[in-house]
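Read through the structure below, which is laid out as structure tokens, and then see the notes.
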Amino acid sequence: MFDKNVRVSRKAIMLTPANYCPICGALMKNFIRGYYICSDCKYMMSTEKAGGGAEVVGVDVVRNENFTRICTIIKDKFQENKSILDVGCSRGLFLQVASEAGFSVAGIDPDAEVIKEMRSKGYHVLDGFFPESEELKDRVFDVIIFNDSLEHIPDLKEIISGIERHLCKDGIIIVNIPTSDGMMYVISLFLDKIGIHTMYDRMWQKGFASPHMHYFNRKNLQAYFLKNGFEEKHNEKLKYYTINGLWRRIICKSSLFVSVITWVIMVILYPLFLIKSDCFVSIFARGKKS
């Protein structure tokens, strides 16, 4: 069984700003109120404490669409990859979609209630954080997927170490992640600069049980994996949200006034968010280390 002391120690981790970017080596500088940015590749990090748990609601519709699309990509482009590990599986939506698509899929999550619920439904869920869970030891998978989870794991080196231990030789890594190049991010940053901080903090999930520790865009995410010996094989934008479920997603952690304003903006600008989405998926396979 997973060591509860390890779980507590993960929740206590706070990233300390380093002088140099862990991706490209350029200077890191204080960007906004505890958020730091690389002066070159624009990788960003937060000094919030890492944790575990999911508090965002109203996202099942858009995630179901995105997960279905990801399974289609695997079938179309990577047919030989059949076994999947879903890192931070939460309440099992990807487990359900992938299982129905014919994959052998396991999840890993630190939430005891989630694990109990998912196991009662017949899903194979490992107990703990990726990659230090004892239940993960010596196991390998054709696919390791991070669905809105990589940005919550504080130690970038730990992520790569875990991938190298648990990914099959010819396996693939799938990263479904928010981007700092998206429309919502651009709007929230503009509002932050004029003194309205709520939306930008929400983009980082500040104050949530598991805040974002990193913010990537496609280029610096690609550089991160390339540096560690992985080549990008596929990339495309995904939907960041749908109108259905949007209100519940916003109101779950925001005041009524902020929620109303945010909802109106996101409904009006919905077509633009489809063009300049705040979410994308990248797929990587082993290549040569740079």
Residues of the range 222-246 being closer than 17 Å to Met203 by Cα and surrounded by fewer than 17 Cβ atoms within 10 Å (Cβ to Cβ), which ones? Lys239
How many of the residues making up the range 137-162 are crowded, with 23+ Cβ neighbours inside 10 Å and farther than 25 Å from Ile37 by Cα? 3
Residue check for Val186: under 26 Å from Cys279 (Cβ atoms) and surrounded by fewer than 22 Cβ atoms within 10 Å (Cβ to Cβ): yes
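Could you list, in sequence order, all residues of the range 267-290 that are surrounded by fewer than 16 Cβ atoms within 10 Å (Cβ to Cβ) and in contact with a Lys or Arg (Cβ under 8 Å, 6 or more places away or on another chain)?
At the first step, the residues of the range 267-290 found to be surrounded by fewer than 16 Cβ atoms within 10 Å (Cβ to Cβ) are 267-272, 274-275, 287-290.
Within the range 267-290, Leu274, Lys289, Ser290 qualify.
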Cβ contacts < 8 Å: first residue over 15 Å from Leu221 (Cα atoms), restricted to the range 38-56; second residue part of a strand (DSSP E or B) and at pLDDT below 85, any location; separation 6+ or different chain. Result? Thr47/Met14; Glu48/Met14; Lys49/Met14; Ala50/Met14
Of all residues in the range 84-123, which are surrounded by fewer than 19 Cβ atoms within 10 Å (Cβ to Cβ) and either touching a residue at least 60 places away in the same chain (Cβ under 8 Å) or assigned to a helix (DSSP H, G or I) (or both)? Leu93, Gln96, Ser99, Glu100, Ala112, Glu113, Lys116, Glu117, Arg119, Ser120
Quick check, is Val264 without any contact (Cβ under 8 Å) to a residue 40 or more places away in the chain, more than 24 Å from Lys42 (Cβ to Cβ) and surrounded by 14 or more Cβ atoms within 10 Å (Cβ to Cβ)? no
Being of a type in the set (A, V, I, L, M) and in a helix (DSSP H, G or I) is the filter here, so list the residues in the range 124-153 that pass it. Leu136, Leu150
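The values are calculated or read from the model by the stated rules, or taken from the named source; none is laboratory data. None of the values given here were measured: they were computed from a predicted structure. Note that each Cβ is placed from the backbone with ideal geometry, even for glycine, and that neighbours are counted across all protein chains shown.
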